[in-house]
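Some notes on the structure that comes next.
The values are calculated or read from the model by the stated rules, or taken from the named source; none is laboratory data. A quick note: this is a predicted structure, and the numbers were derived from the prediction, not measured. Every residue, glycine among them, receives a Cβ derived from its backbone with ideal geometry; neighbour counts consider all protein chains shown.
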Amino acid sequence: MCALGHRLEERGFSTVALASVRAQAEKTRPPRALWSAAMLGRPVGEPGDPAFQLRIMRAALGLLERTDGPVILEDFPDDPPGWTDNPDWIAPATDPARAFAAELAALLPLWREARARFGRTSVGLSFQPPSAWPAFAAGVLNGDLPVVPALGTTALSVRFLCDDIKALYGEAAQAVGPAPSARQVDTWFWRQTAAGALLQTLRLTAMASGNNALKTVGGRFFVPTPWVAG
């Protein structure tokens, strides 16, 4: 997007880039860019925080009034609230030593409550109901190559299964009480849940697979790099 800004400006369109990686913005030098410490994928901050989002948007659009270019790289001064842990948030009560199937069953009521609370869900990419997830994952861990017909390949089937698991747990974590920070949810999921441990194992299984597509998506998409078990 930073490089695209130059092309658009050449055609008379004023642009501002919301930069998530400052080093990249420094290298590509867009006409105008605002960097913030927001998480990748959330360039204006956390969902459900319109006041903070509006501040970032106003700061970004304010760069259009500047005349000290041709290149303007500005830093947004504040960290998004998602980087500040909420001391009152308590992770959903699950026993990390239990199997994924039991843990998932315990979290499903919370997830349904969150779905009703917010009126939406991101779960559904896997084209499987949650009740089918444990058996499907077990098949992959056993060396099988199960396929969801709607997705066509094992690689996509397992990738979107992992996405659905992460989405369901993230939504369940926000079902009741004060909202956790994004970092709290990630730490809980990857360090304290059976689901997080399952995805780590699925990643290793996929990377050792003879199926090249599964190996590729397993190494890139199942577990975010900062949370890969050392």
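Values as computed for the structure displayed
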read-out	value
The stretch 198-208 - residue that is of a type outside the set (V, I, T) and surrounded by fewer than 19 Cβ atoms within 10 Å (Cβ to Cβ) and, of those, farthest from V223 (Cα to Cα)	A208
Answer residue from the stretch 1-15, given it is among the aliphatic types (A, V, I, L, M) and outside any loop (DSSP other than H, G, I, E, B) and is modelled with the lowest pLDDT among those	A3
Where G124 falls short, out of the listed (1) within 20 Å of Q200 (Cα to Cα); (2) in contact (Cβ under 8 Å) with a residue 40 or more places away in the chain	(1)
Matching residues in the stretch 140-156 - criterion: being exposed (fewer than 15 other Cβ atoms within 10 Å of the Cβ) and modelled with pLDDT under 95	L141, N142, G143, D144
Pair list, Cβ < 8 Å and 6+ apart or interchain, from the stretch 31-43 residues that are more than 21 Å from T15 (Cβ to Cβ) to residues that are of a type in the set (V, I, T) and surrounded by 22 or more Cβ atoms within 10 Å (Cβ to Cβ)	none
Selection count where residues are assigned to a loop (DSSP other than H, G, I, E, B) and loosely packed, with under 12 Cβ neighbours inside 10 Å, scope the stretch 25-83	9
Lone qualifier among D163, D144, D78 - being closer than 18 Å to D186 by Cβ and among the acidic types (D, E)	D163
Any hit, the stretch 109-116, residues being at pLDDT 90 or above, farther than 15 Å from Y169 by Cβ and either surrounded by 13 or more Cβ atoms within 10 Å (Cβ to Cβ) or not assigned by TED's automatic domain parsing to the domain that holds G196 (or both)	no
Conditions (1) surrounded by fewer than 17 Cβ atoms within 10 Å (Cβ to Cβ); (2) within 22 Å of A106 (Cβ to Cβ); number of the one not met by T216	(2)
Selection within the stretch 157-181 - crowded, with 20+ Cβ neighbours inside 10 Å and either without any contact (Cβ under 8 Å) to a residue 24 or more places away in the chain or of a type in the set (A, V, I, L, M) (or both)	V158, L161, I165, L168, A172, A173
Criterion (aliphatic (A, V, I, L, M), part of a loop (DSSP other than H, G, I, E, B) and assigned by TED's automatic domain parsing to the domain that holds R203) met by exactly one of A132, A150	A150
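To keep it simple, each residue is scored yes or no on (1) over 22 Å from the mean Cα position of the chain (by Cα); (2) not small (G, A, S).
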| position | (1), (2) |
| --- | --- |
| E103 | no, yes |
| A114 | no, no |
| F136 | yes, yes |
| V140 | yes, yes |
| V158 | no, yes |
| A173 | no, no |
